[in-house]
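Below: the structure, in structure tokens.
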Number of protein chains: 2
Amino acid sequence: YWLPHGEICYKEDAEQKNDNKQQGTRDYNPKQMAIREKVFNTIIRCFKRHGAETIDTPVFELKETLTGKYGEDSKLIYDLKDQGGELLSLRYDLTVPFARYLAMNKITNIKRYHIAKVYRRDNPAMTRGRYREFYQCDFDIAGQYDAMIPDAECLKIVHEILNELDLGDFRIKVNDRRILDGMFAVCGVPDDKFRTICSTVDKLDKMSWEDVKKEMVNEKGLSEEAADQIGEYVSMQGGMDLAERLLQDHKMSQSKQACAGLSDIKLLFKYLQLFHVTDKVVFDLSLARGLDYYTGVIYEAVLTQASAVSAANEAQNCANAEESVSVGSVAGGGRYDGLVGMFDPKGRRVPCVGVSIGIERIFSIMEQKASPEKVRTTEVQIMVASAQKNLLEERLQLISELWNAGIKAEVMYKKNPKLLSQLQYCEEAGIPLVAILGEQELKDGVVKLRVVATREEVDISRADLISEIKRRTEA
Amino acid sequence: YWLPHGEICYKEDAEQKNDNKQQGTRDYNPKQMAIREKVFNTIIRCFKRHGAETIDTPVFELKETLTGKYGEDSKLIYDLKDQGGELLSLRYDLTVPFARYLAMNKITNIKRYHIAKVYRRDNPAMTRGRYREFYQCDFDIAGQYDAMIPDAECLKIVHEILNELDLGDFRIKVNDRRILDGMFAVCGVPDDKFRTICSTVDKLDKMSWEDVKKEMVNEKGLSEEAADQIGEYVSMQGGMDLAERLLQDHKMSQSKQACAGLSDIKLLFKYLQLFHVTDKVVFDLSLARGLDYYTGVIYEAVLTQASAVSAANEAQNCANAEESVSVGSVAGGGRYDGLVGMFDPKGRRVPCVGVSIGIERIFSIMEQKASPEKVRTTEVQIMVASAQKNLLEERLQLISELWNAGIKAEVMYKKNPKLLSQLQYCEEAGIPLVAILGEQELKDGVVKLRVVATREEVDISRADLISEIKRRTEA
């Protein structure tokens, strides 16, 4: 599973522009990294709260590992040059490497998260402003368990993360591949057209029903009657009650698959009620999601607050309206019970369900929200400064003591820096304290401790300095 | 700058073998990741203590960015397939992307760290057991500053990190490219042979002087007399006193370059004395280091305790003695004042000095030291269990409360798990507490809190549960 790829557009804003001449990639500057670290910490804290381990896999996989897993999108895979040895490709998502890892190590039960970059060689013509290298943050539960318990936990995790990141209101849409397939069957879609019709349904967040219907009828050769029947179903949204109603629906109830999916949706909602998250969850029959490997429940979280969506849009600065419609999507995933078996020589199945957090989009929203002047890029607590010349040695000696005591400290790399330039550096870097050394202080065995914000100064004996710094910076 | 590449050998030990069929890469399992996280945290804490910001760059660079930076090793660069668009290569180290970043963004002052994977397509024949994807942990200071102050801080950082990681005793060898070049000049090495003779000197940690001399004379065409003079110098080791002595040396003192380097070594030792780290630092004229771009001080840290070296050797399980000799090397770096200018259209210089921590080697030592059964891969504090059947809903409700209170908690994904299997899971995963729900507890409004290690059980009211768990797990 994956999110709509190419999460973020090039930023035209000069301040934030730091694409590095390669089309579709960018460097992260220290301010962006500080925001990124904060977002990652929130997400990792949540994954760990839910008992996840973490693994790592190489950035490239054997080409054959990726072949046949991504349908039409396979053309976006980056291949390495044949320089002798195996043919290799850069990973396209973290799900296929995870499935390969499970099969190769014969792991049947694991709850793991994996945060790493993935690569998609978007067609330059299509991709104005899409990044070709971006992070994914995946959480997955593998194992044969009772229905919908791990699935519900994945949705709880999305709920917790989006709440904690404080991105504004959101909705989590859920559906089930078996409901979609059952719906296609009862609406008269031929078996061999399920996947392609499913792809067309997936466009409903970007296209009107009229255009989707046109594509079904004109391009995919579906009968108008079948399309209309689908149109009725995919307009439905609700909760447990809708699942209940569809189980009674004379047409839908003819499909065993659909009934299995609908019963599971009911069960899912029951567990979500226990988690107190149903306020944000909508059973939405138009949710299809692109990838082939889903076999059960699927979901996608979207931001619904206009401000957040417009911040994301602005951050993305997409000229192309079509690309920006689904900008609100910040997480997605589902159940894929067949993927691990594709890598096992004996085809042994390991049922999996997981979620991917659309971290790049979240970064861009957080970047928009943060006032650049307030983002500190270091955690330095104190600068060791001198009021007179020829005190470099004394400064180095003192800072060494501070470092050894675990205090985050800086010193200017000049023999005789001016006091003013040392103080200015602190103001610019947001360093809260300065330890000022002068002839008199050295004679008295003290250090002048200055609070940058208030300019208040007080003499502290060398013996008390470390505890005084800790006391003042812990608050 | 970089460490001897391919830090770690394939592990033949079945338990730890997790190479993933691609030659030269490996997956990290949860236990390895837990160790890796601990090592990274120690290193990042140190970098932050010294006021470093962090940046990130893409995993691939334009091929032309890497061209001509690595000398002979350029053949080890991974190229991407030409699929249209720019020619791209996977990064070979973090130093060249850093220099490219500085030049492109016209940054003249920065102290940054960067932890990321780099790629070296080692010749399969040469590289039995070397990884082709491995981490580098780089800390660099860029800017025009007074001599040796940032250089001394880099060595202080190496000292702090190796101390904190508790890898046993170590030495930090230092030398200066200008001393090497001056030495070659006064020994009669022709100018155009400086770099190739330097490469041969660099082999002194793996070859005897006799073999090095043979290579100089027979392969590189140096006169026997010149080689013998070099031989005398490169056997010298000492401290500030040696620098002093060489400044008086009638031959060495004829080279301006050597004198500049020797004066800076003296200054470096003066600052290192203030940092109290001279006990571990040796001025060693045989230290050469491979890369072309160094222009001043160079250094390399090696583990000297037999146990650590043998642990690393064992971890690496290198059949090839030649490869395993320099196994003790765990950090290296130096000054490179010319590299940024190579990326600036006007050739503006930004002096830089930095250090790279040989994290893969450190991982392998830490892995050897850790008893596998004691490595916890999650931080889960409590399992929510049930003593009877039909309590899934009650378990889910309780765990949801715990998650919302920030407690790390797990529940088994079964409707009716046996109490015994829930308790066994805790023992295996190292989870210290169990919250047990039963009919009686629910009636009484309590939870039975069990300490896994002691099997002690006590009833806690639901209202007090969260504070009780926090109290017990904070200790």
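Take B:230-237, A:458-465 and order them by the average number of nearby Cβ atoms within 10 Å per residue, most first; the result is B:230-237, A:458-465.
In angstrom, the C-alpha Rg and Dmax of the protein assembly as shown are 30.7, 103. Rounded to the nearest Hz, the phi-derived 3J(HN,Hα) couplings of the stretch B:216-221 under the Karplus curve 6.51 cos²θ - 1.76 cosθ + 1.60 (θ = phi - 60°) are 4, 7, 7, 8, 9, x, where x marks glycine and proline. Using only Cα atoms, locate the centre of the stretch A:50-118 and the centre of the stretch B:185-218, then give the distance between them in Å, rounded to an integer. If you average the Cα positions of each part, the centres end up 45 Å apart. The Cβ shell under 15 Å around A:Leu423 holds other residues with a net charge of +1, Lys and Arg each +1, Asp and Glu each -1.
The stretch B:364-440 and the stretch A:345-422 have Cα centres separated by 36 Å. Placing B:Lys111, B:Lys415 in order of accessible area, with the largest value first and a 1.4 Å probe, yields B:Lys415, B:Lys111. Residues whose amide H falls under 5 Å from that of A:Val350, counting only those 5 or more places apart or on a different chain, are A:Val340, A:Gly341, with hydrogens built in the peptide plane. What sits nearest the axis between copies A and B, counting only chain A Cβ atoms, is the residue and whole-Å distance A:Lys81, 2.
Amide H to amide H, with H built 1.01 Å from N, B:Asp459 comes under 5 Å of B:Leu449, counting only residues 5 or more places away or on other chains. With the label put 7 angstrom out from Cα along the Cα-to-Cβ vector, A:Ser371 ends up 5.5 nm from the copy partners, going from closest to farthest. Among the residues of A:76-89, the average count of other protein chain beta-carbon atoms within 10 Å of the residue beta-carbon is 5. Computed 3J(HN,Hα) for the stretch A:286-292, one whole-Hz value per residue from the Karplus formula 6.51 cos²θ - 1.76 cosθ + 1.60 where θ = phi - 60°, is 8, 6, 10, 6, x, 6, 6, glycine and proline marked x. Peptide A:245-258 has a mean of 0 when you count, residue by residue, the C-beta atoms of other protein chains within 10 Å of its C-beta.
Every helix of 4 or more DSSP H residues in chain B counts as -39500 (n - 2.57), and over all residues that averages to -11500 deg cm²/dmol at 222 nm. What separates the B:Lys414 label point from its copies, with the point 7 Å along Cα to Cβ, is 6.9 nm, written shortest first. Using a/c under 1.5 as the rounded threshold, could you call the stretch B:326-408 rounded, prolate or oblate? The axes a ≥ b ≥ c are square roots of the C-alpha gyration tensor eigenvalues, and prolate needs a/b larger than b/c, oblate otherwise. Here the stretch B:326-408 falls in the oblate category. Accessible area buried by the pairing of A and B, both sides summed with a 1.4 Å probe, works out to roughly 7600 Å².
Computed with a 1.4 Å probe over protein heavy atoms only, the accessible area of A:Cys187 comes to about 10 Å². Put simply, the amide H of A:Gly239, placed in the peptide plane, has neighbours under 5 Å in A:Phe283, leaving out anything fewer than 5 places away on its chain.
What are the label-to-label distances in nm, one decimal and shortest first, from A:Ser235 to the same spot in the other copies, with labels 7 Å along Cα to Cβ? Between copies, matching label points for A:Ser235 lie 9.5 nm apart.
The values are calculated or read from the model by the stated rules, or taken from the named source; none is laboratory data. None of the values given here were measured: they were computed from a predicted structure. Virtual Cβ from ideal backbone geometry, glycine too; neighbours counted across all protein chains shown. Accessible surface areas use protein heavy atoms only, side chains included; no ligands, DNA or RNA. Shrake-Rupley method; radii C 1.70, N 1.55, O 1.52, S 1.80 Å.
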